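Working notes, beginning with the structure itself.
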Amino acid sequence: MKARLIGVYAANLFDLAATLFFVGMYGIGVELNPFGAVLLGSPPALIAYKVVVVGLLLAVLWRCRCARLAGPASAVLLTVYSVLAVYHIVLLAISACI
């Protein structure tokens, strides 16, 4: 489970970097997450949220690792963030060809 949570955090940071890159290139309209779009009004707030809040929530999940749903929850999170990372990589590849 520890490796999954580290993977989630790494993918979260990649999501942050890709989001900031795409917003810088194409504007805030490319952000599909309404909550993220609000935070993009203040990029330092988005960075703080993605680095600190997500990290703290993952730490809480780690502390609750003995709970029955902690393992499956970490697997779902890793799957979602992995799909999101692949999506960003594809977009980066497409934007490099344009």
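Annotations for the structure displayed:
- The order of the peptides 25-31, 72-78 by mean Cβ neighbours within 10 Å, most packed first, is 72-78, 25-31.
- Whole-Hz couplings from phi, Karplus 6.51/-1.76/1.60, listed for the range 44-51; x for Gly and Pro: x, 5, 5, 4, 4, 4, 5, 7
- A value for Rg and Dmax of the Cα atoms in Å was derived from the coordinates, and within the list (i) 14.6, 48; (ii) 18.3, 55; (iii) 25.5, 90 it appears as (i).
- Kyte-Doolittle mean at least -0.5, axial Cα span of 24 Å or more - DSSP H helices of the chain: 2-26, 70-97
- Rough spin-label spacing in nm, given labels placed 7 Å along Cα→Cβ, for Ala96 and Arg65: 3.5 nm
Readers should treat all values here as calculations from the given coordinates under stated rules, not as data from a laboratory. For clarity, every value in this text was computed on a predicted model and none was experimentally measured. Note that we place each Cβ from the backbone using ideal geometry, even for glycine, and neighbour counts take in every protein chain shown.
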